[in-house]
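Novice: Shown below is the structure under consideration.
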Amino acid sequence: MPSNAEITQRLAMRLKNERTSKGLSLEALAKLSGVSRSMLSQIEREEASPTVASLWNLTNALNVDFAELLDAEKQEEQPFIEVLRESQIPVIHRKENGFLIRILSAPEDVGDTEVYDISFEKNGLLDSSAHRSGCIEHLTVYSGSITVTSDGHSAELNAGDTARYKADQEHSIRAKKKSRIVLIVKSN
């Protein structure tokens, strides 16, 4: 269990971080919270501990969760960059159908928003069964020329063109020549 000094230090640091991240001066937060400027200064310098009522007013003024300020496990937010090298990107290669799919979306996004980079050989065909109800596909052609078919309707697309269509029924993408597309599958 953390000591009172550790709690006071954590609380001081988190209150100050929240105040400064919102661009508030001590004076501005004092006006918003009803806690005096001098008391705020003492809290941030770890010279005083706020009462429960003062802490409640401060968390409401800063729009932060009361328990989060005291949570020992809360980590300061770190920058997030996840890099996958080309060799790490999952691939589906159907040589007989003339396409290669690179799966760009994270595994946890399956069933929500999925992103694919698809390369087609001439006459390559990606035939798909119906996805879940309300599913829409967004397709952009980077190079080449393709035909997209959904619900018995077809559209011709060339480099730079984008199409959106229902994917909750059988649909297909056929390359007229060597082509590359990005496909975003969005479920509702």
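Novice: Within region 15-25, how many residues are in a helix (DSSP H, G or I) and either free of Cβ contacts under 8 Å to residues at least 40 places away in the same chain or over 27 Å from the mean Cα position of the chain (by Cα) (or both)?
Specialist: Qualifying residue count, region 15-25: 3.
Novice: In addition: Against the definition (touching a Lys or Arg at 6+ places or on another chain (Cβ under 7 Å), farther than 13 Å from PHE99 by Cβ and at pLDDT 95 or above), how does TYR142 come out, yes or no?
Specialist: Yes: the conditions hold for TYR142.
Novice: If you don't mind, another one. Name the one entry in SER105, SER54, SER41, SER87 that is more than 22 Å from GLY23 (Cα to Cα), surrounded by 13 or more Cβ atoms within 10 Å (Cβ to Cβ) and polar (S, T, N, Q).
Specialist: The conditions single out SER105.
Novice: Considering only residues that are among the small types (Gly, Ala, Ser) and within 17 Å of ALA175 (Cα to Cα), look in region 108-133 and name the one that is surrounded by the most Cβ atoms within 10 Å (Cβ to Cβ).
Specialist: Step by step, filter region 108-133, then rank; the result is GLY124.
Novice: Condition test on GLU47, is it assigned by TED's automatic domain parsing to the domain that holds ARG10 and in contact with a helix residue (DSSP H, G or I) (Cβ under 6 Å, 6 or more places away or on another chain)?
Specialist: Working: assigned by TED's automatic domain parsing to the domain that holds ARG10: yes; in contact with a helix residue (DSSP H, G or I) (Cβ under 6 Å, 6 or more places away or on another chain): no.
In short, no.
Novice: Check region 113-134 and report whether any residue there is without any contact (Cβ under 8 Å) to a residue 12 or more places away in the chain, assigned to a loop (DSSP other than H, G, I, E, B) and not aliphatic (A, V, I, L, M).
Specialist: No: region 113-134 contains no residue that is without any contact (Cβ under 8 Å) to a residue 12 or more places away in the chain, assigned to a loop (DSSP other than H, G, I, E, B) and not aliphatic (A, V, I, L, M).
The values are calculated or read from the model by the stated rules, or taken from the named source; none is laboratory data. Every value quoted in this text rests on a predicted model; they were computed, and no experiment measured them. Don't worry about glycine lacking a Cβ; one is built from the backbone with ideal geometry, like all the others, and counts go over all protein chains shown.
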